[in-house]
Amino acid sequence: MAMIALKCPNIEVVVVDISKPRIAAWNSDELPIYEPGLDEVVKACREKNLFFSTDVEKHVAEADIVFVSVNTPTKTRGLGAGKAADLTYWESAARMIADVSKSDKIVVEKSTVPVKTAEAIEKILTHNNKGINFQILSNPEFLAEGTAIEDLAKPDRVLIGGRETPGGQKAVEALKAVYAHWVPEDRILTTNLWSAELSKLAANAFLAQRISSINAMSALCESTGADVSEVAYAVGKDSRIGPKFLNASVGFGGSCFQKDILNLVYICECNGLTEVAHYWKQVVQINDYQKTRFVKRVVSSMFNTVSGKKIAILGFAFKKDTGDTRETPAIDVCHGLLGDKALLSIYDPQVTEDQIKRDLAMNKFDWDHPLHLQPQSPTAFKQVSVVWDAYEATKDAHGVCIITEWDEFKKLDYQRIYDNMQKPAFIFDGRNVLNVEALRKIGFVVYSIGKPLDPWVKDLQVSI
Ligand code: UDX
């Protein structure tokens, strides 16, 4: 919305939320999320044509276009638990819109939703419409965190789905005109509602599938002596495949991939497409396998026990340049190591101690609910300490795990780290960002995903 405000000075944008602290943060100097470049964009438009308010009903009533960007968590109970999207927040937003509206409106689905959600929303709106005309559009968002501003300023495409009726097409044109302020016309795609909804789930599933494909290969590389980076490079040179999203890792995280695939799986199952559901579920299963495999490598390398040993976790965010920890592989890796009674010392340049402790105490999928519905007093983990420096985290540690590819981890003084660690000193690079040869020269035992194994690791009889 800040980007729309920036690019369209003639449009007034009001971001509303029922959470007072959140809106206060958006109105302050300390924005509630870290995203490179966002500060500048918000500060350039705030109080000019970009406003943040808790007066939800007033601003919805006044708006011509309402973008709904509420959370759509994975259901934890009842029908479809563990897979289906929970549309509680969407439904209450739709009912509120119907309640307060006094003029015709375009309602835009910005949240990622299951296919056919628009139909349900349409029903809620039209059964409560008091003669008001509502048009529903699907306008999924494809930005990635860490590069959001760039992605929004120069999108590969903007997708707008609408009803194939005159009213629906008029609404599509109205939204198209907003984006046309800065996006070339040939990049604004228009489709029917269901195609737009499904395209978003499909795009995320395809991206995640590439990562699971290269991660599956990484296991085979370790068994055969191939190097996954070389394989990825050679494969990606094929112009039909392309080089992006082929970095082997400890596993993908983030708020979208797993959730959207599970959602896709559920939709397939509901439509009786068991094989299709099974196919996509495997992408998530390989991701879980990769995280477990990493933990097994750590524990087995360290004489099959990490009990009472200090292990440094460098990076907790789900990727670099963000403070976001939703579905980060760090959570599963830490749980795995804590299960083996390790003592963890965690450092991430952007994630706070509170957040890390809350994440480690939270049940799966709870993160996608508002803060007041999440566990309030996280269990204190005696085995976990959170520190503000990589050298502090690694001091006296037996092992170091790189979980997020922060640039600063490439530039650390590894000789100094080695000197201050217990010996043998282990490094497990879950992101393939370190120079393995240089580390081995210092004296580290190194494991790097999908790379030829250190003789130390190779000699271990471990089933992964
Ligand atoms: C993703 C989609 O890219 C975006 O289009 C959609 O709108 C939201 O979901 P995001 O979750 O912000 O964006 O991050 P992304 O860059 O896609 O990374 C997701 C995860 O995959 C991260 O944990 C990242 O580290 C991992 N990843 C990515 C890999 O492990 N290897 C890769 O080659 C690329």
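The values are calculated or read from the model by the stated rules, or taken from the named source; none is laboratory data. Here the structure is a predicted model, which is why all the values come from computation and not from measurement. Quick reminder, even Gly has a Cβ in these numbers, built from the backbone with ideal geometry, and neighbours come from all protein chains shown. Accessible surface areas use protein heavy atoms only, side chains included; no ligands, DNA or RNA. Shrake-Rupley method; radii C 1.70, N 1.55, O 1.52, S 1.80 Å.
Some observations on this one:
- Checking residue 221 against (1) within 21 Å of residue 295 (Cα to Cα); (2) within 12 Å of the ligand (Cβ to nearest atom), the condition it does not meet: (2)
- The single condition from (1) exposed (fewer than 15 other Cβ atoms within 10 Å of the Cβ); (2) modelled with pLDDT under 95 that residue 187 fails is (2).
Results for (1) assigned to a strand (DSSP E or B); (2) touching a Pro at 6+ places or on another chain (Cβ under 8 Å); (3) touching a residue at least 40 places away in the same chain (Cβ under 8 Å), shown as yes or no for each residue.
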residue	(1), (2), (3)
130	no, no, no
137	yes, no, yes
144	no, no, no
160	yes, no, no
171	no, no, yes
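- Which numbered condition residue 125 fails, given (1) open to solvent by less than 60 Å² (accessible area, probe 1.4 Å); (2) over 27 Å from residue 322 (Cβ atoms); (3) at pLDDT 95 or above: (3)
- Among the residues of the stretch 128-149, the one identified as more than 15 Å from the chain's Cα centre (by Cα), among the β-branched types (Val, Ile, Thr) and open to solvent by 30 Å² or more (accessible area, probe 1.4 Å) is 149.
- Meets criteria (open to solvent by 30 Å² or more (accessible area, probe 1.4 Å), in a loop (DSSP other than H, G, I, E, B) and of a type in the set (Phe, Trp, Tyr)) for residue 367: no
- Once the stretch 238-253 is narrowed to residues that are within 17 Å of residue 280 (Cβ to Cβ) and touching a residue at least 60 places away in the same chain (Cβ under 8 Å), the residue that is farthest from the ligand (Cβ to nearest atom) is 251.
- Any chance residue 313 is within 15 Å of the chain's Cα centre (by Cα), within 16 Å of the ligand (Cβ to nearest atom) and surrounded by 17 or more Cβ atoms within 10 Å (Cβ to Cβ): no
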